[in-house]
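To start, the structure itself, in structure tokens.
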Amino acid sequence: MNSYDVIVIGAGHNGLVCAAYLLKAGYSVALLEKRSIPGGAATTEELMPKEAPGFYFNRCAIDHEFIHLGPVVEELELKKYGLDYLFCDPAVFCPHPDGKYFLSHRSLDKTCAEIARFNPRDAEKYREFIDFWQRLTKAITPVFNAPPQAIADILGNYDLASLQSLFSILGGPHDILDLIRTMLSSPKNILDEYFDSEFIKAPLARLASEFGAPPSQKTISVGGMMMSMRHNPGMARPRGGTGALTEALVRLVKAKGGTILTDQSVDRILIDNGRAVGVRVQGNREYRANLGVISNIDARRVFLQLIEAGDLNREGLELQTRLERRTVNNNETILRIDCALSEVPRFEAYQHRDDYLMGSVLIADSVRQVEIAHQEPEVGKIPDQDPSLYAVVPTVRDPSMAPEGRHTLWIEYFAPYQIAGATDGLAGTGWTDERKNAVADRVIDKLADYAPNLKSSIMARNVESPAELGQRLGAYKGNYYHLDMTLNQMVFFRPLPEIANYTTPVEGLYLTGAGTHPGGSISGIPGRNCARTFLHIQRPLLHRLEEFGKALLPRS
Ligand SMILES: Cc1cc2nc3c(=O)[nH]c(=O)nc-3n(C[C@H](O)[C@H](O)[C@H](O)COP(=O)(O)OP(=O)(O)OC[C@H]3O[C@@H](n4cnc5c(N)ncnc54)[C@H](O)[C@@H]3O)c2cc1C
């Protein structure tokens, strides 16, 4: 049997980040990945080599903001391993049906000037809105970068700037209560409070809903961050696509002596006397883990699919039931459309400029439309009567991703995993090829209402249904965040309070990935936090001293 100090189940970017920290600390690590390439939801692939050779597509994640809130890129020296971030400026373009449009630059001043052309009051309120969410983001970033129940670690992350932001947000007793009120509100409540015009509310609602819930959902006003982060730290893409982040991590892992084995789908975690001692992959091959098994896939799948009930103690069995019945999934996931284009989509009615396409293009005509886009998937309906969508033409910022003069188009469209009443299609979800293509046609039609040259420019297209996406990622019900990102499943509740610190009732079995704090997206932070937890358990004194030493160093 092959034997390592640590086995990581899944080579998503969080698994790779976690492995990199452990390798740097001197442990031997093997990552076992079910797909034939590593990266999970962070890959760039030549998706249609026959119809569109030389066109490279980000199969999932495209825009990176959260990774710039943590130290992963610098600490792991990923530049040295080939990672080069290209910041997007402008960051967001959203044409409105009445001829106005929202165009955000990285600069807040420039963005306010754009808004003021249509509504000077909204421009002033936008400045206040962004200032609030930026201060809040700074104030809570130290919480992201530590295990959520490790108070000392969290406190150690605060520096002068984050403390200043924290105090400016907290203020006096009434301010604290008002802040709590804000956090309990919905994005829609907050947008109505700040703004008058639909052309600005709709795109901000759409971005807030990237947390995977409708803008009317209480307790996720924090979605306001999604816009403020596009100003600072900024929205960036690795040169060559999201997969370039994975490639840099793979180079680092290999350089440190790590092993990455693909086409290895783990189907059992081996437990001996209450302790995780290894894994078995499909085909019955076993791998031994002398110190720990770390899962990059979520706790629900780990405890319900990869562990035999007979291997668990009472605590573990209770956890199994709680994961099955207490973690929630709102049935919303994504239908993906990728196209190879002969030219960029042109927004003729909006004095088209190619730089509108540097960042993300949102089709969000009204808050109501965005609301329906998220409400309907929850009840199993496809919101395709008037689609809202998120589109990107990555080749405008990074021409290296397609043959010269050609472009790619990436579309994200929220859709249900299980279509209500359907039993046909992949895994009985209702998603047949015919249905996914019909929905994709509606989505393309909608984008073409704004960019009339779109349809004639499509050279090839690939549509991936929510069921296919779920199968590719191995994600429960296609949930790309592994677990919904609602407040009741965040921070010290993620995935459940008793396992929120990356450990489980099975000794030596750890959790990382999007299903752990601080959640989904490209950040690498769950990977780093989990590695720190592992190191702290393995060598508490040495790790504490190292951490203390780092805390004394001046911060940039
Ligand atoms: C369409 C789409 C668009 C997105 N856009 C963005 C975006 O623009 N910006 C952003 O920040 N985030 C975005 N996200 C979210 C982000 O991509 C994910 O939250 C993040 O990549 C999750 O990383 P992870 O390493 O935690 O998990 P994953 O990437 O899910 O990795 C888990 C790994 O485990 C493997 N695996 C699963 N089961 C097994 C098994 N039994 N045995 C072995 N291996 C297994 C999987 O193949 C995968 O490689 C998007 C997601 C999707 C789906």
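How do the pairs read when you match residues in the range 319-338 that are over 20 Å from Ala415 (Cα atoms) and without any contact (Cβ under 8 Å) to a residue 24 or more places away in the chain with residues anywhere that are within 16 Å of the ligand (Cβ to nearest atom) and of a type in the set (A, V, I, L, M), using Cβ under 7 Å and keeping only pairs 6 or more apart or on different chains?
Gln320/Leu304
Checking Arg494 against (1) within 23 Å of Gly223 (Cα to Cα); (2) assigned by TED's automatic domain parsing to the domain that holds Cys339: exactly one of these is not met. Which one?
(2)
Here are the criteria: (1) out of contact with any helix residue (DSSP H, G or I) (no Cβ under 7 Å at 6 or more places or on another chain); (2) surrounded by fewer than 17 Cβ atoms within 10 Å (Cβ to Cβ); (3) under 22 Å from Asp441 (Cβ atoms). Tell me which single one Pro377 does not satisfy.
(2)
Of all residues in the range 154-170, count the ones that are under 20 Å from Arg528 (Cβ atoms) and either more than 25 Å from the chain's Cα centre (by Cα) or in a helix (DSSP H, G or I) (or both). Walk me through it before giving the result.
Of the range 154-170, the ones under 20 Å from Arg528 (Cβ atoms) are 154-159, 162.
With either more than 25 Å from the chain's Cα centre (by Cα) or in a helix (DSSP H, G or I) (or both) added as a condition, the list becomes 154-157, 159, 162.
The qualifying residues number 6.
Please enumerate the residues belonging to the range 406-421 that are of a type in the set (Gly, Ala, Ser) and closer than 10 Å to Ile382 by Cα. Talk me through it step by step, then tell me what you get.
The initial filter retains those residues of the range 406-421 that are of a type in the set (Gly, Ala, Ser), namely 415, 420-421.
Selection gives Ala415, Ala420.
Give Gly380, Gly430 a once-over and let me know the one that is under 24 Å from the mean Cα position of the chain (by Cα) and either at pLDDT 95 or above or closer than 20 Å to Met235 by Cβ (or both).
On the way: Gly430 fails: under 24 Å from the mean Cα position of the chain (by Cα).
One residue alone meets the criteria, Gly380.
Is there a residue in the range 173-193 that is at pLDDT 90 or above, of a type in the set (Asp, Glu), within 26 Å of Val392 (Cα to Cα) and assigned to a helix (DSSP H, G or I)?
Looking through the range 173-193, none of the residues is at pLDDT 90 or above, of a type in the set (Asp, Glu), within 26 Å of Val392 (Cα to Cα) and assigned to a helix (DSSP H, G or I).
Got a number for residues in the range 292-321 being assigned to a strand (DSSP E or B) and closer than 23 Å to Asp484 by Cβ? Full working, then the answer.
Filtering the range 292-321 for residues assigned to a strand (DSSP E or B) gives 292-295.
Of the ones still in play, those that are also closer than 23 Å to Asp484 by Cβ are 294-295.
Residues that pass the stated criteria total 2.
Among the residues of the range 114-136, are any over 27 Å from Ala255 (Cβ atoms), in contact (Cβ under 8 Å) with a residue 12 or more places away in the chain and within 16 Å of the ligand (Cβ to nearest atom)?
No; the residues of the range 114-136 include none that is over 27 Å from Ala255 (Cβ atoms), in contact (Cβ under 8 Å) with a residue 12 or more places away in the chain and within 16 Å of the ligand (Cβ to nearest atom).
Somewhere in the range 304-313, is a residue within 14 Å of the ligand (Cβ to nearest atom) and polar (S, T, N, Q)?
Kept after step one, since they are within 14 Å of the ligand (Cβ to nearest atom), are these residues of the range 304-313: 304-307.
From what's left, polar (S, T, N, Q): 305.
Yes, that holds for at least one residue.
Given the options Tyr101, Tyr56, Tyr27, name the one that is more than 26 Å from Thr533 (Cβ to Cβ) and not assigned by TED's automatic domain parsing to the domain that holds Lys138. First the steps, then the outcome.
On the way: Tyr101 fails: not assigned by TED's automatic domain parsing to the domain that holds Lys138; Tyr27 fails: more than 26 Å from Thr533 (Cβ to Cβ).
Answer to the selection: Tyr56.
Kindly provide the set of residues from the range 416-440 that are surrounded by 14 or more Cβ atoms within 10 Å (Cβ to Cβ), among the charged types (D, E, K, R) and away from the ligand (no atom under 16 Å from the Cβ), ordered by number.
Within the range 416-440, just Arg435 meets the criteria.
For Ile200, all conditions in the list (1) under 30 Å from Thr333 (Cβ atoms); (2) part of a helix (DSSP H, G or I); (3) within 26 Å of the chain's Cα centre (by Cα); (4) without any contact (Cβ under 8 Å) to a residue 60 or more places away in the chain hold save one; what is the number of the exception?
Just one mismatch for Ile200, condition (4).
Consider Glu75 carefully, then state whether it is out of contact with any His (no Cβ under 7 Å at 6 or more places or on another chain), more than 14 Å from the ligand (Cβ to nearest atom) and not polar (S, T, N, Q).
Details: out of contact with any His (no Cβ under 7 Å at 6 or more places or on another chain): yes; more than 14 Å from the ligand (Cβ to nearest atom): yes; not polar (S, T, N, Q): yes.
When the stated conditions are applied, Glu75 passes them.
Of the residues Leu245, Leu207, Leu249, Leu270, which is free of Cβ contacts under 8 Å to residues at least 40 places away in the same chain and outside any loop (DSSP other than H, G, I, E, B)?
Numbers: Leu245 fails: free of Cβ contacts under 8 Å to residues at least 40 places away in the same chain; Leu207 fails: free of Cβ contacts under 8 Å to residues at least 40 places away in the same chain; Leu249 fails: free of Cβ contacts under 8 Å to residues at least 40 places away in the same chain.
Among Leu245, Leu207, Leu249, Leu270, only Leu270 is free of Cβ contacts under 8 Å to residues at least 40 places away in the same chain and outside any loop (DSSP other than H, G, I, E, B).
What is the one condition in (1) surrounded by 23 or more Cβ atoms within 10 Å (Cβ to Cβ); (2) farther than 30 Å from Gly405 by Cβ that Asp63 does not satisfy?
That leaves (2) as the condition not met.
Looking for something part of a helix (DSSP H, G or I), more than 23 Å from Leu16 (Cβ to Cβ) and polar (S, T, N, Q) - is there at least one such residue anywhere in the range 284-291?
Step one: filter the range 284-291 for residues part of a helix (DSSP H, G or I), giving none.
There is no residue in the range 284-291 that is part of a helix (DSSP H, G or I), more than 23 Å from Leu16 (Cβ to Cβ) and polar (S, T, N, Q).
Mind listing whichever residues of the range 150-193 are surrounded by fewer than 19 Cβ atoms within 10 Å (Cβ to Cβ), in contact with a Lys or Arg (Cβ under 6 Å, 6 or more places away or on another chain) and touching a residue at least 40 places away in the same chain (Cβ under 8 Å)?
Asp159
Surrounded by fewer than 23 Cβ atoms within 10 Å (Cβ to Cβ), near the ligand (Cβ under 10 Å from one of its atoms) and either within 20 Å of the chain's Cα centre (by Cα) or polar (S, T, N, Q) (or both): which single residue out of Ile37, Ile9 fits that description? Quick ask: steps written out before the conclusion?
Values: Ile9 fails: surrounded by fewer than 23 Cβ atoms within 10 Å (Cβ to Cβ).
When all the criteria are applied, what remains is Ile37.
Just give me the residues in the range 78-100 being small (Gly, Ala, Ser) and within 16 Å of the ligand (Cβ to nearest atom), in sequence order. Before you say what the answer is, go through the steps one by one.
Going residue by residue through the range 78-100, those that are small (Gly, Ala, Ser) are 82, 91, 99.
Ala91, the sole residue that qualifies.
Condition check: in contact (Cβ under 8 Å) with a residue 40 or more places away in the chain, within 14 Å of the ligand (Cβ to nearest atom), assigned by TED's automatic domain parsing to the domain that holds Gly519 and not aliphatic (A, V, I, L, M). Does Gln282 satisfy that? Talk me through it step by step, then tell me what you get.
Values: in contact (Cβ under 8 Å) with a residue 40 or more places away in the chain: no; within 14 Å of the ligand (Cβ to nearest atom): yes; assigned by TED's automatic domain parsing to the domain that holds Gly519: yes; not aliphatic (A, V, I, L, M): yes.
No.
So which residues in the range 469-495 are over 20 Å from Val143 (Cα atoms) and either assigned to a loop (DSSP other than H, G, I, E, B) or near the ligand (Cβ under 7 Å from one of its atoms) (or both)?
Those that are over 20 Å from Val143 (Cα atoms) and either assigned to a loop (DSSP other than H, G, I, E, B) or near the ligand (Cβ under 7 Å from one of its atoms) (or both): Leu469, Leu473, Gly474, Ala475, Asn479, Tyr480, His482.
Find all pairs meeting these conditions: Cβ atoms under 6 angstrom apart; at least six residues apart or on different chains; first residue within the range 403-415 and within 14 Å of the ligand (Cβ to nearest atom); second residue assigned to a strand (DSSP E or B) and β-branched (Val, Ile, Thr).
Short answer, once both residue conditions are applied: Trp410/Val392; Ile411/Ile337; Glu412/Ile334.
Is one or more of the residues making up the range 251-269 polar (S, T, N, Q) and either under 30 Å from Lys201 (Cα atoms) or away from the ligand (no atom under 16 Å from the Cβ) (or both)?
Taking the range 251-269 as the starting set, the residues that turn out to be polar (S, T, N, Q) are 259, 262, 264-265.
Those left that are additionally either under 30 Å from Lys201 (Cα atoms) or away from the ligand (no atom under 16 Å from the Cβ) (or both): none.
Checked against the condition, which is being polar (S, T, N, Q) and either under 30 Å from Lys201 (Cα atoms) or away from the ligand (no atom under 16 Å from the Cβ) (or both), the range 251-269 yields no hits at all.
Does the range 384-394 include one or more residues that are surrounded by 16 or more Cβ atoms within 10 Å (Cβ to Cβ), more than 20 Å from Tyr480 (Cβ to Cβ) and in contact with a Gly (Cβ under 8 Å, 6 or more places away or on another chain)?
Among the residues of the range 384-394, not one is surrounded by 16 or more Cβ atoms within 10 Å (Cβ to Cβ), more than 20 Å from Tyr480 (Cβ to Cβ) and in contact with a Gly (Cβ under 8 Å, 6 or more places away or on another chain), which makes the answer no.
Under 7 Å between Cβ atoms, which residue pairs at least 6 apart in sequence (or on different chains) link something in the range 519-537 that is near the ligand (Cβ under 8 Å from one of its atoms) with a partner that is aromatic (Phe, Trp, Tyr) and in a helix (DSSP H, G or I)?
Ser521/Phe66; Ile522/Phe66; Ser523/Phe66
The values are calculated or read from the model by the stated rules, or taken from the named source; none is laboratory data. Please read all numbers here as calculations on a predicted model, not as lab measurements. All Cβ positions, glycine included, derive from the backbone under ideal geometry; neighbour counts span all protein chains shown.
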